[in-house]
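Since the structure comes first, as structure tokens, the remarks are kept for the end.
The values are calculated or read from the model by the stated rules, or taken from the named source; none is laboratory data. Keep in mind that what you see is a predicted model, and the values were worked out from it rather than measured. Virtual Cβ from ideal backbone geometry, glycine too; neighbours counted across all protein chains shown. Accessible surface areas use protein heavy atoms only, side chains included; no ligands, DNA or RNA. Shrake-Rupley method; radii C 1.70, N 1.55, O 1.52, S 1.80 Å.
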Amino acid sequence: MELTEKILKLKREKKAVILAHNYQRSEVQDIADYVGDSVELSRKAMEEEDAEIIVFAAVDFMAETAAILNPSKKVLLPSTGARCPMAQMLTVDEIKRWKVLYPLVPVVLYVNTLASAKAYCDVCCTSANAVDVIDALDAETVLFGPDRNLAEYVQEKTGKTVIPIPEHGFCPTHLLFHPEEVHVLKAQYPKAVVMVHPECSAEMRRVADFIGSTSQMCRYARENPEKTFIVATEEGLLHRLRKENPDKRFILAYEGAVCPNMKLNTLERIYLALKEEKHVITVPEPIASKARKALEKMFELTGH
Ligand code: 13P
Ligand code: SF4
């Protein structure tokens, strides 16, 4: 039996669902029950009432979020090595240090953080709703981490003072994009629409026609009549973009933009995870309850 068939059979037998992030390998996206961005995957994890197991094909913080929002389910991360380096950049000690400096200022954390950090914030956000969350807060100044680029973008959009914590948190994959490559591609495809993830630099934001989360890019590309798109985010998204829009052309703004952590979830590892029911992601109390409050606040402020 082929590996794909074996996975689908085990999935049925064990009442499991496979949720995959937009950056997963093409073959992983193709066997998933649902492919989405981080806020969509969080919502989906809450909705999976009938499933007994959630295989979360993504990185550590996303699987942790699923475990926090769905404590009665077994959440499996196929590869223990799939860890987001940006999420490691903000420690609890660092948050405490900033809270001493700004005791009355709310702490907003990007979901790309570990559960232990989320337990120390007032509200979470994702790249899809960061602007709405901070707009909705009754505060003119916020502490925001760990992505400095997203912090700057939100500051530009909301007009509020957004203090990045730590000062220089970043995504190593999105930092690989530079406007020079976009200019070269634009010379070749003058009508191309440029889509940029907010984890990219300010210089990249300046050459963007559209800035948004991975799924927001999918929606934008579907609805935009233009035929060619230059895409500045991790290469996995291009599989979904091409699948959904076979008549359009999608060009990665920098060929080397790969998140090696996301790619650790191979079909083989997904099969083994399902078969041996490993690696179970759990979040201890009281961290889970505190982090859940911050995630629920995000849903409350954004209306879903
Ligand atoms: P999205 O929420 O846009 O999918 O982003 C998640 C992420 O890790 C970006 O690097
Ligand atoms: Fe983390 Fe960047 Fe990979 Fe997203 S692309 S999971 S932010 S390292």
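Structure notes:
- Cα gyration tensor category, rounded, prolate or oblate, for region 230-290 with a/c compared to 1.5: prolate
- 16 Å Cα-Cα reach of Lys15 towards aspartates and glutamates, excluding residues that sit fewer than 8 places from it in its own chain: Glu5, Asp33, Glu47, Glu48, Glu49, Asp50, Glu52, Glu276, Glu277
- Distance from the C-alpha centroid of region 80-107 to that of region 120-177: 12 Å, rounded to the whole angstrom.
- Carbon + sulfur, % of accessible area of region 236-277 - ligands and nucleic acids excluded, 1.4 Å: 52
- Dipole of the chain computed with +1 at Lys/Arg Cβ and -1 at Asp/Glu Cβ about the Cα centre; of Cys171, Pro78, Phe144, farthest Cα towards the positive end is Pro78.
- Counting all C-alpha pairs of the chain, share separated by more than 36 Å (%): 16
- Solvent-accessible area per residue in region 45-160 equals 37 Å², computed with a 1.4 angstrom probe and all protein chains kept.
- Computed over the chain, relative contact order equals 23 percent, with contacts defined as Cα pairs under 8 Å that lie 6+ residues apart.
- Fraction of accessible area attributable to carbon and sulfur, region 99-214 (%, probe 1.4 Å): 53
- In this structure, Ser26 and Glu276 have a Cβ-Cβ separation that, at R0 = 35 Å, corresponds to a calculated FRET efficiency of about 0.90.
- Based on protein heavy atoms only, region 187-281 ends up with 44 Å² per residue of surface accessible to a 1.4 Å probe.
- Region 143-232: GluC sites (Glu not before Pro) in DSSP coil with no more than 14 other Cβ atoms inside 10 Å: Glu167, Glu226
- Total charge dipole magnitude, the chain, about the Cα centre, Cβ charges on Lys, Arg, Asp, Glu only, Debye to nearest 20: 360
- Legend: distances between Cα atoms for Lys227/Lys263; Lys99/Lys278; Lys44/Lys186; Lys44/Lys248; pairs beyond 30 Å are Lys99/Lys278; Lys44/Lys186.
- Dividing the helix sum by the residues of the chain, where each DSSP H run of 4 or more adds -39500 (n - 2.57), gives a mean residue ellipticity at 222 nm of -12000 deg cm²/dmol.
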